[in-house]
Amino acid sequence: MAPGARAVVFDLDGTLVDSAPDITRALNTALAAQSLPPVTADQVRGLLGEGARALVGRALALAGGSEAGVDTALADYTTAYTADPVAETTLYADAGDAVAELHAHGVRIGVCTNKRSALAHRVLHHTGLAGAVDAVVGIDEVSAGKPDPEHLRTAFDRLEVPPSESLYVGDTAIDAETAKRVGVDYVHVAWGHVGEHTVIERFHELFERIRPA
């Protein structure tokens with residue numbers, strides 16, 4: 001392993017985990033309550049990244065609903081998703097083995113997500129990642145979520161490693177913009193939104209940028 005980063009912070013939904021099936025089910029519960037047609041998991045994957053309110057607003061628009069229904073739909077979505085957020089959520093690629101191995105080599109691991117922290121912890125426990133994650137910063141723990149740079153900076157502060165000695169891994173243009181604002185090297189997963197970024201196909205590729213313990 002080449003000398004490099006001492007910490008890696010990951011986005012969660014769409015990067016480490018495919019939570020779209022569970023999110024889709026909850027969204028469709030909210031849409032059905034307004035007599036609107038369902039959305040698909042593939043459609044939802046393209047809507048993730050800016051937090052629940054933005055997600056619900058976009059899903060509502062996609063289904064032909066009114067902006068006036070966002071608050072009600074958000075409440076219905078939140079109730080449905082909180083009740084069962086991990087029934088079908090799975091890991092992407094080699095996330096489980098790679099994150100555990102990074103952690104075992106002394107690399108500090110963080111998660112910076114526009115999901116609420118309690119839900120993020122449930123997802124991490126369900127997927128077996130929790131034991132290798134040193135810090136989780138959800139959108140409810142900061143004044144503004146990504147791309148506000150303070151969100152990601154808070155994760156590095158908790159890991160006690162500066163951005164200059166770290167990596168951030170994500171899947172959206174929002175993640176890339178957040179990394180740019182913070183000044184941390186950014187890596188984009190191949191299954192994420194299309195963009196001009198350094199792309200990895202598997203998480204073990206991160207070892208080329210990590211300093212061993």
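Some notes on this structure:
- Among the residues of region 82-94, just one is touching a Phe, Trp or Tyr at 6+ places or on another chain (Cβ under 9 Å) and within 8 Å of residue 17 (Cα to Cα), namely 92.
- When residues of region 199-213 are limited to those that are in a strand (DSSP E or B) and at pLDDT 85 or above, the one surrounded by the most Cβ atoms within 10 Å (Cβ to Cβ): 200
- Criterion applied to 55, 91, 62 was being surrounded by 15 or more Cβ atoms within 10 Å (Cβ to Cβ) and over 16 Å from the mean Cα position of the chain (by Cα), and the one residue passing it is 62.
- Of the helices (runs of 4 or more DSSP H) lying entirely inside region 30-102, those containing at least 2 residues that are outside the structural domain of residue 194 (by TED's automatic domain parsing) and of a type in the set (Ser, Thr, Tyr) span 70-83.
- Residues that are under 22 Å from residue 48 (Cα atoms) and assigned to a loop (DSSP other than H, G, I, E, B), drawn from region 103-113: 113
- The set of residues in region 122-176 being in contact with a Phe, Trp or Tyr (Cβ under 8 Å, 6 or more places away or on another chain) and closer than 24 Å to residue 106 by Cα consists of 152, 162, 163, 166, 167, 168, 169, 170.
- When 116, 108 are checked against the criterion of being in the same structural domain as residue 134 (by TED's automatic domain parsing), in contact with a strand residue (DSSP E or B) (Cβ under 7 Å, 6 or more places away or on another chain) and under 28 Å from residue 177 (Cα atoms), a single residue qualifies: 108.
- Single condition residue 153 does not satisfy, out of (1) closer than 24 Å to residue 45 by Cα; (2) within 17 Å of the chain's Cα centre (by Cα): (1)
- Output for region 133-156, where each listed residue is among the hydrophobic types (A, V, I, L, M, F, W, C) and touching a Pro at 6+ places or on another chain (Cβ under 9 Å): 152, 156
The values are calculated or read from the model by the stated rules, or taken from the named source; none is laboratory data. For clarity, every value in this text was computed on a predicted model and none was experimentally measured. For neighbour counting, all protein chains shown are included, and Cβ atoms are generated from backbone atoms with ideal geometry for every residue, glycine included.
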